[in-house]
Amino acid sequence: MNRMWSFAFLFLTALFSVGFGQVPGGLTDVDVNDKGAKIALSHAMDEYNRGSGDVNLYKVVEVIKVQGQAVEGYKYIITLRIARTLCRKDKPANAHIYRCTFVVWSRPWLNDWQLLEAKCH
């Protein structure tokens, strides 16, 4: 009888995982207008600008994709295009545009947001 319950549990777990389109701990698509995604992007850009060593600021041109993963908190993987501004102005006119992926780990209950990875090319 225990074997039957074990099989039923595994079957239902697999069914729910497939049915909801999400593997536990797997990546899911997140709406670019999601509040948490916007906070993560803002934090990532602040950290990126602070750590870039460039005298000019970078601004977001386009958010291409946002994905999330439930970890001990929530991890946002943000793929975007950024531009180096001229003379610290807000408009990226005549700027070189880069494609970037930022990984941000959030634990909002601790008010903790960390930029784990920033790759631009």
### Query
Is one or more of the residues making up the stretch 29-44 at pLDDT below 90, in contact with a strand residue (DSSP E or B) (Cβ under 6 Å, 6 or more places away or on another chain) and surrounded by 11 or more Cβ atoms within 10 Å (Cβ to Cβ)?
no
## Note on the structure
Apart from one, (1) loosely packed, with under 11 Cβ neighbours inside 10 Å; (2) modelled with pLDDT under 90; (3) closer than 21 Å to Leu115 by Cα all hold for Lys91; the odd one out is (3)
### Matching entry among Val55, Val18 (being loosely packed, with under 10 Cβ neighbours inside 10 Å and at pLDDT below 90)
Val55
### Task
Would you be able to say whether some residue in the stretch 58-70 is modelled with pLDDT under 90, in contact with a helix residue (DSSP H, G or I) (Cβ under 9 Å, 6 or more places away or on another chain) and surrounded by 17 or more Cβ atoms within 10 Å (Cβ to Cβ)?
yes
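The values are calculated or read from the model by the stated rules, or taken from the named source; none is laboratory data. The shown structure was predicted, so the numbers you read here are calculated from the model rather than taken from an experiment. Ideal geometry is used to build each Cβ from the backbone, glycine not excepted, and the neighbour counts take in all protein chains shown.
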